[in-house]
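Here is the structure we will look at.
The values are calculated or read from the model by the stated rules, or taken from the named source; none is laboratory data. Owing to the predicted nature of the structure, the values given are computational and were not obtained by experimental measurement. Note that each Cβ is placed from the backbone with ideal geometry, even for glycine, and that neighbours are counted across all protein chains shown. Please note that ligands, DNA and RNA were not included when accessible areas were found on the heavy atoms of the full protein model with its side chains. Shrake-Rupley method; radii C 1.70, N 1.55, O 1.52, S 1.80 Å.
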Amino acid sequence: MRFLMMVKHPENPVPLFPPKELMDAIQQLSEEAVKNGTMIGSGGLAPTAQSTRVRLSGGQVKVIDGPFTETKEVVGGYAMFELKSKEEALEGALRFMELHKKYWPGWEGETEIRQIFGPEDMAHCVKELSGAAAK
(Lines give C-alpha, C1' and ligand atoms only; values in the text may rest on other atoms or scores of the structure.)
Protein backbone atom coordinates (compact mmCIF):
# COMPACT_ATOMS: atom_id res chain seq x y z
CA MET A 1 0.00 0.00 0.00
CA ARG A 2 1.29 3.43 -0.86
CA PHE A 3 0.84 6.40 1.44
CA LEU A 4 1.53 10.10 1.07
CA MET A 5 2.33 11.99 4.24
CA MET A 6 2.02 15.76 4.13
CA VAL A 7 3.37 18.04 6.83
CA LYS A 8 1.11 21.05 7.35
CA HIS A 9 1.92 24.15 9.37
CA PRO A 10 1.33 27.91 9.42
CA GLU A 11 2.82 29.71 6.40
CA ASN A 12 5.47 31.44 8.51
CA PRO A 13 6.39 29.32 11.53
CA VAL A 14 8.46 30.91 14.28
CA PRO A 15 11.36 30.54 13.95
CA LEU A 16 11.11 30.45 10.18
CA PHE A 17 13.67 27.68 9.65
CA PRO A 18 13.82 24.37 11.51
CA PRO A 19 16.72 23.78 13.90
CA LYS A 20 19.74 21.89 12.53
CA GLU A 21 19.20 19.13 15.13
CA LEU A 22 15.72 18.49 13.75
CA MET A 23 16.96 18.38 10.17
CA ASP A 24 19.74 15.94 11.18
CA ALA A 25 17.22 13.68 12.95
CA ILE A 26 14.86 13.77 9.95
CA GLN A 27 17.78 12.94 7.65
CA GLN A 28 18.62 9.90 9.79
CA LEU A 29 14.97 8.77 9.82
CA SER A 30 14.80 9.21 6.02
CA GLU A 31 18.02 7.26 5.46
CA GLU A 32 16.61 4.37 7.52
CA ALA A 33 13.40 4.38 5.46
CA VAL A 34 15.31 4.44 2.17
CA LYS A 35 17.63 1.67 3.36
CA ASN A 36 14.72 -0.60 4.33
CA GLY A 37 12.95 0.19 1.04
CA THR A 38 9.83 1.86 2.39
CA MET A 39 10.45 5.50 1.35
CA ILE A 40 9.78 6.21 -2.32
CA GLY A 41 10.50 9.95 -2.20
CA SER A 42 10.30 13.07 -0.06
CA GLY A 43 10.96 16.78 -0.11
CA GLY A 44 10.26 20.19 1.30
CA LEU A 45 8.08 22.65 -0.58
CA ALA A 46 8.77 26.29 -1.43
CA PRO A 47 6.73 29.00 0.32
CA THR A 48 3.47 30.06 -1.33
CA ALA A 49 5.11 33.39 -2.28
CA GLN A 50 7.07 31.37 -4.85
CA SER A 51 4.06 29.30 -5.94
CA THR A 52 1.33 29.48 -8.56
CA ARG A 53 -2.17 28.02 -8.64
CA VAL A 54 -4.16 27.13 -11.72
CA ARG A 55 -7.85 27.25 -10.80
CA LEU A 56 -10.99 26.21 -12.68
CA SER A 57 -13.95 28.19 -11.37
CA GLY A 58 -17.16 29.33 -13.04
CA GLY A 59 -16.05 27.76 -16.32
CA GLN A 60 -12.85 29.85 -16.38
CA VAL A 61 -9.27 28.67 -15.95
CA LYS A 62 -7.22 31.25 -14.04
CA VAL A 63 -3.57 31.50 -13.05
CA ILE A 64 -2.98 32.94 -9.58
CA ASP A 65 0.50 33.80 -8.34
CA GLY A 66 1.33 33.50 -4.65
CA PRO A 67 1.41 34.42 -1.91
CA PHE A 68 -2.13 33.31 -1.19
CA THR A 69 -3.50 35.57 1.54
CA GLU A 70 -6.44 33.28 2.33
CA THR A 71 -4.10 30.40 3.23
CA LYS A 72 -3.97 29.65 6.95
CA GLU A 73 -1.76 26.58 6.72
CA VAL A 74 0.44 25.17 4.01
CA VAL A 75 1.89 21.83 3.04
CA GLY A 76 5.54 22.36 3.89
CA GLY A 77 6.80 18.94 2.88
CA TYR A 78 5.84 15.44 1.87
CA ALA A 79 7.04 11.85 1.88
CA MET A 80 5.74 8.88 -0.09
CA PHE A 81 6.00 5.37 1.35
CA GLU A 82 5.30 1.77 0.37
CA LEU A 83 4.02 0.16 3.58
CA LYS A 84 2.09 -2.90 4.73
CA SER A 85 -0.75 -1.06 6.47
CA LYS A 86 -2.21 2.24 7.58
CA GLU A 87 -1.07 1.35 11.10
CA GLU A 88 2.54 1.25 9.87
CA ALA A 89 2.02 4.68 8.26
CA LEU A 90 0.63 6.02 11.53
CA GLU A 91 3.65 4.71 13.46
CA GLY A 92 5.97 6.52 11.04
CA ALA A 93 4.04 9.79 11.29
CA LEU A 94 4.11 9.61 15.09
CA ARG A 95 7.90 9.12 15.08
CA PHE A 96 8.26 12.07 12.71
CA MET A 97 6.12 14.37 14.85
CA GLU A 98 7.94 13.29 18.03
CA LEU A 99 11.15 14.56 16.40
CA HIS A 100 9.49 17.96 15.93
CA LYS A 101 8.33 17.97 19.54
CA LYS A 102 11.84 17.14 20.77
CA TYR A 103 13.93 19.39 18.53
CA TRP A 104 11.59 22.32 17.74
CA PRO A 105 9.72 23.23 20.96
CA GLY A 106 6.73 25.44 20.31
CA TRP A 107 6.34 24.38 16.67
CA GLU A 108 2.78 23.46 15.78
CA GLY A 109 1.58 21.50 12.80
CA GLU A 110 0.32 18.15 11.67
CA THR A 111 1.12 15.25 9.40
CA GLU A 112 -1.76 14.13 7.22
CA ILE A 113 -1.64 10.50 6.06
CA ARG A 114 -3.39 9.71 2.77
CA GLN A 115 -3.46 6.34 1.03
CA ILE A 116 -2.59 6.59 -2.66
CA PHE A 117 -5.00 4.78 -4.96
CA GLY A 118 -3.93 3.29 -8.24
CA PRO A 119 -6.27 2.53 -11.17
CA GLU A 120 -7.23 -0.84 -9.63
CA ASP A 121 -8.26 0.89 -6.40
CA MET A 122 -10.31 3.52 -8.25
CA ALA A 123 -12.28 0.83 -10.12
CA HIS A 124 -13.09 -0.82 -6.78
CA CYS A 125 -14.23 2.53 -5.27
CA VAL A 126 -16.46 3.32 -8.24
CA LYS A 127 -18.04 -0.14 -8.02
CA GLU A 128 -18.70 0.30 -4.28
CA LEU A 129 -20.18 3.79 -4.79
CA SER A 130 -22.37 2.58 -7.67
CA GLY A 131 -23.70 -0.26 -5.51
CA ALA A 132 -24.43 2.09 -2.62
CA ALA A 133 -26.24 4.57 -4.90
CA ALA A 134 -28.45 1.81 -6.32
CA LYS A 135 -29.77 0.89 -2.84
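Tabulated data
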{"item": "Highest-fluctuation residue, Gly59, Gly43, Gly109 considered, GNM on the chain with Cα pairs under 10 Å", "result": "Gly59"}
{"item": "Charge context of Ile64, other residues only, Cβ under 14 angstrom, K/R +1, D/E -1", "result": "+1"}
{"item": "Positive-end residue, the chain charge dipole about Cα centroid, Cβ charges, pick of Gly76, Phe117, Gly131", "result": "Gly131"}
{"item": "Prolate/oblate/rounded label for region 1-66 (Cα gyration tensor, a/c 1.5)", "result": "oblate"}
{"item": "Accessible solvent surface per residue of region 59-120, calculated while the other protein chains remain in place, 1.4 angstrom probe, Å²", "result": "72"}
{"item": "Accessible-area composition of the chain, carbon plus sulfur, in percent [1.4 Å probe]", "result": "57"}
{"item": "Selected from Met122, Met80, Met39 as most flexible by GNM, with the chain as the system and alpha-carbon contacts under 10 Å", "result": "Met122"}
{"item": "Percent RCO, i.e. relative contact order, over the chain, from Cα pairs under 8 Å lying at least 6 residues apart", "result": "42"}
{"item": "Over the chain: Rg over Rh, Cα atoms, Kirkwood Rh", "result": "1.05"}
